[in-house]
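What follows is a short report on a single structure.
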Amino acid sequence: MIMSLLLPLLAHTATPALTPPDVSGLPPTASDSQPAKRRRPAPSASKPTETVAAPAPDATSDRLQTCLHQAQSDPDNAIKTAGDWLSESKGGAKAFAYQCLGAALAQLGSWQEAEYAFQQGREVLPVTETVQRARLAAMAGNAALAEERYDAALASLDLASTGAVNSGDNALIAGIAIDRARALANLGRLAETGEALATARQAGPNNADAWLLSATLARREGKLAEAQGYIEKAAALRPVDLEIGLEAGVIAMLSGREDAARKSWKSVVDADPASPEAQIAQSYIAQLDKP
């Protein structure tokens, strides 16, 4: 019976690209959940990354925030708002209108168009605006990730990574490294995925996603002791998390610790019984309960 459970766990498909990142263009504090997509929906992303917020100068900050909130609630009209803003702006000032336009297009699930808008926002900024250019490149990469165009995503994320490293912003470096790891994992470039996640852990030691994805990668590579260390760190940073609980159970089961696996999976079911993660966890528990 145990072997019948271990086989599907060995083929467990929770890759380091667990979810595409948020591309709403909203700051993390204003983007607590991924908005529903009305066209070409991508898999949902429950956790925004560190890379979504491009801060505006004080003179345009209120306008940008108003436009971004409209993009979330009324994306069709936000596209018009952003278009009007673009038509009256010049040079680098267009970047914020492009950011809003990209956010509205992402809300509609028009990922390629959103990617282009974010890219244009980056291009109109002077090269001295290192952080802002990096964030907009990351948004473009996120949009490509959401549509599973991993080569295109990586091209933008590589640009973002260079800018982030030059900026010295560790939170930004970690967030972009995680996004790069997602793209690389989906391209089957696991050695480079590991390097990206090492960068994320170093730059963002308190970023639970960096440790969770590291655990997933190590488990997929059969490095169960490393995976256990990583997942324990992720759980310490985010004690109640369905993905972490599910992954912890998989690692425990593959390591021969059935009681620990059951406990982890039960915690997932108890936390949110209706969630997809809970349904997976319940199916594993049911197999353990078979005589």
Exercise. Among the numbered criteria (1) in contact (Cβ under 8 Å) with a residue 12 or more places away in the chain; (2) outside any loop (DSSP other than H, G, I, E, B); (3) surrounded by fewer than 23 Cβ atoms within 10 Å (Cβ to Cβ), which single criterion is violated by ILE173?
Worked result: (3)
Exercise. Taking into account only those residues within region 205-251 that are closer than 18 Å to GLU192 by Cα, in contact (Cβ under 8 Å) with a residue 12 or more places away in the chain and among the basic types (Lys, Arg), which is surrounded by the fewest Cβ atoms within 10 Å (Cβ to Cβ)?
Worked result: ARG220
For this session: May I ask you to verify whether ASP158 is in the same structural domain as ALA185 (by TED's automatic domain parsing), under 20 Å from ALA200 (Cβ atoms) and surrounded by fewer than 18 Cβ atoms within 10 Å (Cβ to Cβ)?
Result: yes
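The values are calculated or read from the model by the stated rules, or taken from the named source; none is laboratory data. Given the structure is predicted, the values throughout are model-derived calculations rather than measurements. Cβ coordinates were reconstructed from backbone atoms using ideal geometry, including for glycine residues, and neighbour counts include every protein chain displayed.
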